[in-house]
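We did not get these values from a lab; they are worked out from the coordinates using the rules stated. Because the structure is predicted, anything quoted here is derived from the model rather than measured. Positions of Cβ are generated from backbone atoms using ideal geometry, with glycine treated the same way; all protein chains shown enter the neighbour counts.
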2 protein chains.
Amino acid sequence: MRRARLLTPHGPVETPVFMPVGTQATVKGVPQDILEQLGVQILLGNTYHLYLRPGIEQVRELGGLHRFMSWPRAILTDSGGFQVFSLSELRKVTEEGVTFRSHLDGSLHFLSPETAMAAQIGLGADIIMAFDECTEYPADLQRVRASMEMTLRWAERSKKYFEEHKFEVPWNSHHPSAVSRQQNPDTGKQTEGCTQALFGIVQGGMDLALRKESAERTIEIGFDGYAIGGLSVGEPRALTREVVEATLEYLPQDKPLYLMGVGTPEEIVEYAKLGVDMMDCVLPTRAARHGLLFTSEGKVSIKQARYAGDQGPLDPNCDCRVCRRYSRAYLRHLYATNEVLAQVLNTVHNLSFYLDTMQRVRHSI
Amino acid sequence: MRRARLLTPHGPVETPVFMPVGTQATVKGVPQDILEQLGVQILLGNTYHLYLRPGIEQVRELGGLHRFMSWPRAILTDSGGFQVFSLSELRKVTEEGVTFRSHLDGSLHFLSPETAMAAQIGLGADIIMAFDECTEYPADLQRVRASMEMTLRWAERSKKYFEEHKFEVPWNSHHPSAVSRQQNPDTGKQTEGCTQALFGIVQGGMDLALRKESAERTIEIGFDGYAIGGLSVGEPRALTREVVEATLEYLPQDKPLYLMGVGTPEEIVEYAKLGVDMMDCVLPTRAARHGLLFTSEGKVSIKQARYAGDQGPLDPNCDCRVCRRYSRAYLRHLYATNEVLAQVLNTVHNLSFYLDTMQRVRHSI
């Protein structure tokens, strides 16, 4: 377990940190000022969704994702690869990249290390991810190795494209506060430290030897940070933990380490203790939309009739704006009547619970 | 045009006032603290919906509607009659009341002057409405008279039941702040001035003579305030205005006057100028959910592609939290991607526009 501060072009990020997911340039149902008040330090945006709508060039012309969604703090974007594999009607994976059909209208698109980098540079997140293939689970060793090898070749291509284009972020010309940071005050020249950071992704399935090899060869390519990908894809939780623990051994301690797509409140504490710096997960926001709420006393399914007359707060040990103001009876009523405010309040609470959990971890270090 | 201050058990209401509609104990999508910040002084709750879910006894046991929804300021409830007529599968109207089937599950219910009063006393709004029949439009004179006569008989029964039960509001036993106001500090006895107020409703269709008769006979029964009902039911706007103007002539100037279910931003200004003190309408909140936004430069249909690249605020003359922070391009994106935040932000802006409009009217007096 370690505590650190990442310095991004849009402010510092205290780690270990949980990153709420803002798929379509919004954390579903929650206004940005409330996210700020909750203490969200960094948001995750999904390149696949933003690529389809409103489109990369549109976001670039509007000054980048920060300005587009009016979010002044740090943003990380994924490469789009994971969601191409999970959401789109897949057409074809080749060495060159992935041809796929949009899940929205069936239109044909192509994503490769180069186009995924171009997209993420156009969006202008502070941290962007190499284009990888998330190996399916289960997969035999030969398949896992082949997939890992392709991810490594794609990592090299991602880095090459990034190095050649990394100053083309939209803030260079549009974002007023970033411009000043982007330029050396004496020379007016752009300084390298102020552009995006690129993270590599370790794959290798559930095979520890391949994980080691993937880590070492990804480090050899050289990135600003390293992510552990290819987990939370259906494998048992004990296996996830085993692979994470082993993979962390092979990753450099002087770089930010990011575990993708994890996890429950218990898991984020556990992985932070193992030395993971950054985590993201749809769980708090998606569960909120289904009325599943995380509390200090365990999970609460607010739709249950037993809460209809319950005047107490959702979580008596929570100081969030929802627990301070509303009763379980009211939250249950909102959910039962399918009111939009249910989603808003439930999401605010669950995010607050995750962020508080991680803050306690930081304070315990 | 006149300016006044209504004193309710849950605080003062500066008139003329616009009352946002919070049908199911929520203004769809907007947290209560934002409503407070917007300057909402009084909310309208719908008895029909709350009667069905979560049920009157449930709300009473939870301390009444204010406490249930955590809204400390004033509330007005309608009698439920209008929505029985417009939403439910109607079974039968008799002299006694209305038997109807729930629009939710087809279950059978009965609403009468007495049960509507009991329901509104159980909810515990500051201002409650007599049970009336909203005469359909068009209707022949004989039908309008018969409907008006029944509304008058129902008004008498409403008042009789209210007078006998008006101290049974849930705040008497549950609401800590209301208890102190409810009791005379010297004697500990309940004082009349602190319970609910009951408003009568003038009907009479579009016939000015019947409106006059309805007004006079409703005043004779005697209420704390008077509402003009039976309008915005499909008649031309010019006719609405004519009937409002004529009816106001017959209503007492020393009581609050409430025009139900009106209107556009232009109309609420117009009616305030005629002397109406209170108005409510679903238009700002419902239009927001359909992406129709009111601005100082006219209506904006935010779904239009022309706004996809528009970096300007929704309304350059609006100081609301939405116009201060977000661009038209972002609001358009949220709407186009069917994001819940679209409803939240659009509703906040439209309500802000209505409330600001009414505040300007008050300041101009």
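Numbers below:
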| quantity | calculated |
| --- | --- |
| Modelled FRET efficiency - R0 56 Å, A:VAL282 with B:SER296, Cβ distances, 0.05 increments | 0.90 |
| Estimated [θ] at 222 nm from DSSP helical runs (n ≥ 4, -39500 (n - 2.57)) normalised by residues in chain A, nearest 500 | -13000 deg cm²/dmol |
| Exposure proxy ranking, count of Cβ atoms within 10 Å, fewest first, for B:GLU235, A:GLU216 | A:GLU216, B:GLU235 |
| Using θ = phi - 60° and Karplus 6.51 cos²θ - 1.76 cosθ + 1.60, couplings along region A:77-85 (whole Hz; Gly, Pro as x) | 10, 7, 7, x, x, 4, 7, 4, 6 |
| Globularity index of the protein assembly as shown, i.e. its alpha-carbon radius of gyration over 2.2 N^0.38 Å | 1.11 |
| Among beta bridges that DSSP assigns inside the protein assembly as shown, antiparallel share in %, nearest 5 | 45 percent |
| DSSP bridge pairs, chain A: antiparallel proportion in percent, nearest 5 | 45 percent |
| Value of relative contact order over chain A, rounded to a whole percent, pairs C-alpha under 8 Å and six or more apart | 17 percent |
| Order of A:PHE131, B:PHE167 - criterion: other Cβ atoms within 10 Å of each residue's Cβ, fewest first | B:PHE167, A:PHE131 |
| Counted charge near B:VAL59, where neighbours are those whose Cβ lies closer than 12 Å (Asp, Glu -1; Lys, Arg +1) | +1 |
| Table column - 3J(HN,Hα) (Hz), region A:30-47, Karplus curve with 6.51, -1.76, 1.60, x for Gly and Pro | 10, x, 4, 5, 5, 4, 4, 5, 6, x, 5, 9, 8, 9, 9, x, 9, 4 |
| Sites A:ASP105 and A:GLN253 - FRET efficiency at Förster radius 41 Å, r taken between beta-carbons, to 0.05 | 0.35 |
| Net +/- balance of residues flanking A:SER70 in space, Cβ distance below 13 Å, scoring K and R +1, D and E -1 | +4 |
| Relative pair counts by distance (%), Cα atoms of region B:32-144, 5 Å bins | 2, 12, 21, 20, 18, 12, 8, 4, 2, 0 |
| Cysteines having no other Cys beta carbon under 4.7 Å from their own, within chain B | B:CYS134, B:CYS194, B:CYS281, B:CYS320 |
| Gain in span if fully extended, B:LEU141 to B:GLU220, counting 0.36 nm per residue against the direct Cα distance | 26.2 nm |
| Label distances, nm, B:ALA238 versus same residue in remaining copies, Cβ-directed 7 Å point | 8.2 |
| Stokes-Einstein D in µm²/s, Kirkwood radius over Cα pairs - chain B at 25 °C with 0.890 mPa s viscosity | 116 µm²/s |
| Per-copy distances of the A:ASP319 label point, shortest first, in nm (7 angstrom along Cα→Cβ) | 3.2 |
| Sum of side-chain charges, A:GLN343 neighbourhood, beta-carbon under 10 Å (Lys, Arg +1; Asp, Glu -1) | +1 |
| Gyration tensor (Cα) of region A:230-278, equivalent ellipsoid semi-axes in angstrom | 17, 12, 9 |
| Ranking of B:ILE221, A:ILE42 by count of other Cβ atoms within 10 Å, fewest first | B:ILE221, A:ILE42 |
| Bridge type composition, region B:1-154 - antiparallel percent by DSSP, nearest 5 | 65 percent |
| Phi to ³J(HN,Hα) by Karplus 6.51 cos²θ - 1.76 cosθ + 1.60 over region A:271-283, Hz, x for Gly, Pro | 6, 4, 5, 6, x, 6, 9, 9, 9, 9, 6, 7, 3 |
| Semi-axis lengths (Å, descending) of the ellipsoid that matches the C-alpha gyration tensor of region B:280-365 | 22, 14, 10 |
| Amide H contacts under 5 Å for A:ASP132, placed H, 5+ residues apart | A:GLY81 |
| Relative contact order computed over region A:224-284 (Cα-Cα under 8 Å; 6+ residues apart), in percent | 38 percent |
| GluC sites (Glu not before Pro) lying in DSSP loop within region A:96-175, provided at most 13 other Cβ fall within 10 Å | A:GLU96 |
| Low-density loop cleavage sites - GluC sites (Glu not before Pro) in region B:1-95, where at most 11 other Cβ are within 10 Å (DSSP) | B:GLU95 |
| Spacing of the two label points (7 Å from each Cα toward its C-beta) at B:THR94 and B:GLU36, in nm | 4.8 nm |
